[in-house]
1. Give the accessible surface of the range 1-139 per residue, rounded to a whole number of Å², with probe radius 1.4 Å and ligands, DNA and RNA excluded.
2. Could you tell me the distance between the Cα centroids of the range 165-196 and the range 52-115, to the nearest Å?
3. Share of the range 1-87's accessible area from carbon and sulfur, percent, 1.4 Å?
4. Run the dipole for the chain about the Cα centre, Lys and Arg Cβ at +1, Asp and Glu Cβ at -1, nothing else charged, and hand back the magnitude in debye, nearest 20.
5. In what order, largest first, do Lys41, Lys68 sit by accessible area if the probe radius is 1.4 Å?
6. Have a look at Gly120, Cys86, Ala104 and report the one farthest towards the positive end of the charge dipole of the range 86-148, computed about the Cα centre with Cβ charges (Lys/Arg +1, Asp/Glu -1).
7. Taking the dipole about the Cα centre of the chain, with the C-beta of Lys and Arg at +1 and of Asp and Glu at -1, give me whichever of Leu30, Tyr95, Pro153 is farthest to the positive side.
8. Please work out the FRET efficiency for the pair Ala13 and Ala160, using the Cβ-Cβ distance as r and a Förster radius of 41 Å; give the result to the nearest 0.05.
Amino acid sequence: MTDPSPEPADLAALAAALRALPPSLGPVRLVAVDGYAGSGKTTFAGRLAAALGGAPVLHLDDLATHRKPFGWVERLRAQVLEPLACGERARYEVYDWVAGAFGASAELPPAPVVLLEGVGAGRRAVRPVLAALLWMELDRAAARARGEERDGPELADFWADWARAEEAHFAADPSRPHAGARVDGITGRIVGSTLSEPFQVVLTCDVARI
């Protein structure tokens, strides 16, 4: 399996462009990393966070559940977006995929750049509070093959269910057309960018509603 491995110069340039954007959520520049499951989002977000000097990353897998993989909008709004919009530290419950229930909690500081990583991170309900949306450019079939290879045959049924939910989500609410930058899911290189034209809506503490 090939990991996306962007050149340091590419990451440095992207990090600089993101830091230069106006805040979109109180003092925070909220940046989404979206794409199909298995497209390399988590790996790329980790490398981008490092290039940003240790930017915090919220993984949407921590908010999603087995029954409602895309039913996390209200949890995201109440537990994360509203506190960040007020310049406060967010505290959110983390879903345990083994136990099938929310258990531990985690915190997210109102850093200058915060990364939101996961399938649907750039969905319609979230876009108004984003400074930028990055899309991992890898087609659905290739991303699924990578994910199944990574997770092994014991999760084949999970992947079948997930693929149906993912397809339905993106059919109704596509993220890719709204991306300000696209990242090659194989090489990690930036393959297209309009980050000089950021989202225009800037939300603050008293209007953080999605």
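The values are calculated or read from the model by the stated rules, or taken from the named source; none is laboratory data. Here the structure is a predicted model, which is why all the values come from computation and not from measurement. Cβ: placed from backbone, ideal geometry, glycine included. Neighbour counts: every protein chain shown. The area values use the complete protein model at the heavy-atom level, side chains included, leaving out ligands, DNA and RNA. Shrake-Rupley method; radii C 1.70, N 1.55, O 1.52, S 1.80 Å.
1. Working: 5350 Å² over 139 residues.
Using a 1.4 Å probe on heavy atoms only, each residue of the range 1-139 averages 39 Å².
2. 21
3. About 52 percent, which is the carbon plus sulfur part of the accessible surface.
4. Working: 22 positive and 27 negative charges, 117 e Å.
For the chain, the charge dipole is close to 560 debye.
5. Ranked from most to least accessible, the order is Lys68, Lys41.
6. Value: Gly120.
7. Leu30
8. The pair Ala13/Ala160 has a calculated efficiency of 0.60.
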